[in-house]
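**Q** Have a look at this one before I ask anything.
What follows is calculated from the coordinates using simple rules that are stated; it is not laboratory data. Nothing here was measured: the structure is a model prediction, and the numbers come from that model. All Cβ positions, even for glycine, are placed from backbone atoms using ideal geometry, and neighbour counts span all protein chains on display.
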Amino acid sequence: MSLTLEQVRRVAQLARIDISDAEAESTLGHLNGIFSLIEEMQAVDTRGVEPMAHAQDLAQRLRVDEVTEVNRRDAYQAVAPETEAGLYLVPKVIE
């Protein structure tokens with residue numbers, strides 16, 4: 001797939017970008033280079049290759065999931081204007 005100069009100008013117009021003729025020519029070359037690279041990549045036979053999340057096979061070291069603070073909800077809600085069943089009540093702002 002390759003773009004034309006008119007298509008580049010149309011995209012620039014839709015994006016509300018003021019683009020000069022020289023910038024349009026340069027952008028056309030860059031975009032067509034990107035599209036040719038994509039076509040090359042799509043031509044590669046990837047059957048049998050499993051998808052991967054990262055280029056290196058690494059495992060994330062995680063810390064133990066444990067509670068480190070005491071529950072102070074009652075103390076925090078004691079100073080709140082209104083609470084009910086452990087929830088903060090706020091004024092209705094959308095009708």
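For (1) under 27 Å from the mean Cα position of the chain (by Cα); (2) surrounded by 12 or more Cβ atoms within 10 Å (Cβ to Cβ), each residue gets a yes or a no:
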{"site": "L14", "(1), (2)": "yes, no"}
{"site": "A24", "(1), (2)": "no, yes"}
{"site": "G33", "(1), (2)": "yes, no"}
{"site": "G48", "(1), (2)": "no, no"}
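**Q** Assess whether E82 counts as being free of Cβ contacts under 8 Å to residues at least 40 places away in the same chain, surrounded by 10 or more Cβ atoms within 10 Å (Cβ to Cβ) and not hydroxyl-bearing (S, T, Y).
**A** Answer is yes for this residue.
**Q** Another question, if that's okay. For segment 50-58, check the following and say yes or no: at least one residue is surrounded by 10 or more Cβ atoms within 10 Å (Cβ to Cβ) and among the polar types (S, T, N, Q).
**A** Taking every residue of segment 50-58 in turn, none turns out to be surrounded by 10 or more Cβ atoms within 10 Å (Cβ to Cβ) and among the polar types (S, T, N, Q).
**Q** What's the number of the condition Q77 fails, among (1) out of contact with any strand residue (DSSP E or B) (no Cβ under 8 Å at 6 or more places or on another chain); (2) surrounded by 11 or more Cβ atoms within 10 Å (Cβ to Cβ); (3) not β-branched (V, I, T)?
**A** Checking Q77 against (1) out of contact with any strand residue (DSSP E or B) (no Cβ under 8 Å at 6 or more places or on another chain); (2) surrounded by 11 or more Cβ atoms within 10 Å (Cβ to Cβ); (3) not β-branched (V, I, T), the one that fails is (1).
**Q** Okay, next question. Only one residue in E50, E39, E6 is in a helix (DSSP H, G or I), acidic (D, E) and free of Cβ contacts under 8 Å to residues at least 24 places away in the same chain, so which one is that?
**A** Answer to the check: E6.
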